[in-house]
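Each remark here refers to the structure printed beneath this line.
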Amino acid sequence: MPDELAINGGPKARDTSVKPWPTISDASGRDFGEEEMELLGQVIRSGSLGYQYGSMVKQFEEEFAARHGSKYACAVSSGTAALHTAMGSLLLEPGDEVITTPVTDMGSIIAIVQCNCVPVFADVDPLTMLIDPDSIRAQITGRTRALMVVHLLGQACNMDEIMAIAAEHNLYVIEDCAQSHDAKWDGRDVGTFGHFGCFSLQQSKQITTGDGGIVVTDEPDLADEAYRFHDKYYDRSGDGRPIDRFGMNYRMSELVGAVALAQLRKLDRIIGRRTQTAEALMAGIDEIPGIVRATVHPKATHTWWRVACTIDEDELGTDAQTFTRAVVAEGLPLRVHTGRGEPICMAPAFQNYAAYGSGNFPWEPPYGRRVEYRLEDYPNTNWAMENVWTASWNEGYTLEDVADILRGLRKVSDHYRAQA
Ligand SMILES: Cc1ncc(COP(=O)(O)O)c(C=O)c1O
C-alpha cells in the first residue's frame, strides 16, 4: 500500500519547517557574493553613482550586447521599463494594435497601453503556454503594427514562425525575454530575432539586481531612439540635438549596474545549475506514471525560470486541481497555473478599458477600436490555467531537493493510480 497522503493526515513527503526549499526571495536561491561586493565597492569609491558619470552601466551594456551578439544594449530600471522603452522607440500612432499573449506579466501590457496602443490577445499552446503562431495570424487586422511575444518560463517561442508572420505583414517584433535569459531558438539567443529584445533583472529572474532591465537591438535608429527615450530624450551622444519628444527617466544607476555586471558574468554558472537540477526533475517525472511534462521544442533551449507539468487525468483518475492540492500538502513547491489564474485580459483594467481618466482612450474612436476581451476566446489559455502546474525554480535547488520532489510526486501518483 502506498503511504497515506499528507492531505488525508499522513506524513509529508518533506517537512518544510525543518528543510525549507531554496527560494528566489533570499540568499538560499540566489547567487550573490564577493563579485557583486567588489564591483559595488568600486562604484562607491569612485563617487559616481549616475550612469552618465561612471563606467559600470556602460560596461554592463557592452558585455550584455556582446554576449547576445547584439549591436546595441540600453540598460534601464525594470523589465517593464525595457518594454516601454522598446514600444516608445517604435513611434507608433495612438490606437495602433499590438498582438501579444494573455499569459504574461502586466509589464508587457503596460508598455503597449502607455504608448497609447491597443493590446490584442492571441491564444497559447496549452502545454507550454507559449503564444500560438496560428492564433496570432487570426488576430491580424489592418491596424496591427507589432507583435509582442513572450518567451515564457525560460522557454523560447517559435521564432521561425513568428518572424515569418512579421515579414509577411510588415510588423515590428518585440521579444519579451523577462523570464528567459539565455534561452535559445535554433542556437540563437532569444531577444535577437525581433526589432527589440527586452529583459528583466527583477528579483526572481535568472540574473537579478532586485529591479532592473535591459533592451537590445541591432538597428542604429531604434537604438538611438531607445537611448533617448529612457533618458528624457536628452541627447547624451554629444551631438547636441534638441529635446524633440517626451521620454521617461528609466536610467539604471551605477550601483545597480555593478550588480548587473557581476550577475551577467555568472550567467553560465547560474543557468548550468538550474539546468542540471531541472533536467533531473524532468527525467524523473518521465518515470512517474500519469505526470506529463511540457515538451521542449527540439530547436529550443530552456533556461528554467519555472518548471511546468500537467497530469494524465485518465491514468490517475483525478483532476489536476485535486492532484495539485495533494502535492502541495506533501510540502512540495508546486502550484496550479501560472499568473493570476485567468487570461490577463480578464482583469478589470481591460474589461473597463481604463487607461486614462474616465474615458476609454486609446480603445475608442477616432483612435482605436473597442477590442472585446472574452474568456471564451482563449480556450487553450483557460485549459492551461486549470491544468498546468508550475514551480518557481532557482540555482539553489540541489539533486537532493529534486529527489524529495520526485518522491512526493510518486507518492501522490501511486495513491491515485491505486484508486483509479
Ligand atoms: C513576462 C514578463 N514580462 C515583463 C515583466 C516585467 O518585468 P519587471 O517586473 O522587471 O518590470 C515580467 C516580470 O515580472 C515578466 O515576467
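Observations on the structure shown:
- Debye-formula intensities of the chain, expressed as log10 I(q)/I(0) at q = 0.12 Å⁻¹, are -0.99 (one equal scatterer per alpha-carbon, no solvent).
- For the chain, the 222 nm mean residue ellipticity estimated from helices alone, with every DSSP H stretch of n ≥ 4 adding -39500 (n - 2.57) and the total spread over all residues, rounds to -11000 deg cm²/dmol.
- D_trans [Stokes-Einstein, Kirkwood Rh over alpha-carbon pairs] for region 1-107, 37 °C, 0.692 mPa s, µm² s⁻¹: 170
- Rounded accessible area of Met37 (nearest 10 Å², 1.4 Å probe): 120
- Rounded to the nearest 20, the Cβ-based charge dipole of the chain about its Cα centre (Lys and Arg +1, Asp and Glu -1) stands at 780 debye.
- Theoretical FRET efficiency, 1/(1+(r/R0)^6), r = Cβ-Cβ of Val18 and Arg335, R0 22 Å, to 0.05: 0.55
- Pairwise centroid distance, computed over Cα atoms, of region 245-267 with region 30-103, Å: 4
- DSSP beta bridges in region 34-266 [antiparallel fraction, %, rounded to 5]: 45
- Within the chain, percent of DSSP bridges classed antiparallel, to nearest 5: 60
- Top of Thr322, Thr275, Thr23 by mean-square fluctuation, Gaussian network on the chain, Cα under 10 Å: Thr322
- 19 Å tail of the calculated P(r), region 294-420, as % of Cα pairs: 62
- Karplus-derived HN-Hα couplings along region 168-178 (A = 6.51, B = -1.76, C = 1.60, θ = phi - 60°), whole Hz, x at Gly and Pro: 4, 10, 6, 10, 6, 10, 10, 9, 8, 9, 3
- Equivalent-ellipsoid semi-axes of region 34-266, from the Cα gyration tensor, Å, largest first: 30, 20, 14
- Cα-based reach from Lys71 at 23 Å (exclusive), listing lysines while leaving out same-chain residues under 8 positions away: Lys58, Lys184, Lys232, Lys266
- Based on Cα atoms of region 163-322, Rg over Rh with Rh as the Kirkwood radius reads 1.09.
- Area projected by the alpha carbon convex hull of region 190-269, averaged over all directions, nm²: 6.2
- With 5 Å bins beginning at zero, the pair-distance distribution over Cα atoms of region 49-176 amounts to 2, 11, 19, 20, 19, 14, 8, 4, 2, 0 %.
- Arg228, Arg143, Arg293, reordered so the largest accessible area comes first (probe 1.4 Å): Arg143, Arg293, Arg228
- The heavy atoms of Arg369 present about 90 square angstrom of accessible area, all protein chains included, probe 1.4 Å.
- √(5λ) per eigenvalue of the Cα gyration tensor, region 339-380, largest first, Å: 22, 12, 6
The values are calculated or read from the model by the stated rules, or taken from the named source; none is laboratory data. Note that the structure is a prediction, hence the values are computed from the model and not measured. Virtual Cβ from ideal backbone geometry, glycine too; neighbours counted across all protein chains shown. Ligands, DNA and RNA are stripped out before the accessible areas are found, and what is left, the full protein with its side chains, is counted by its heavy atoms. Shrake-Rupley method; radii C 1.70, N 1.55, O 1.52, S 1.80 Å.
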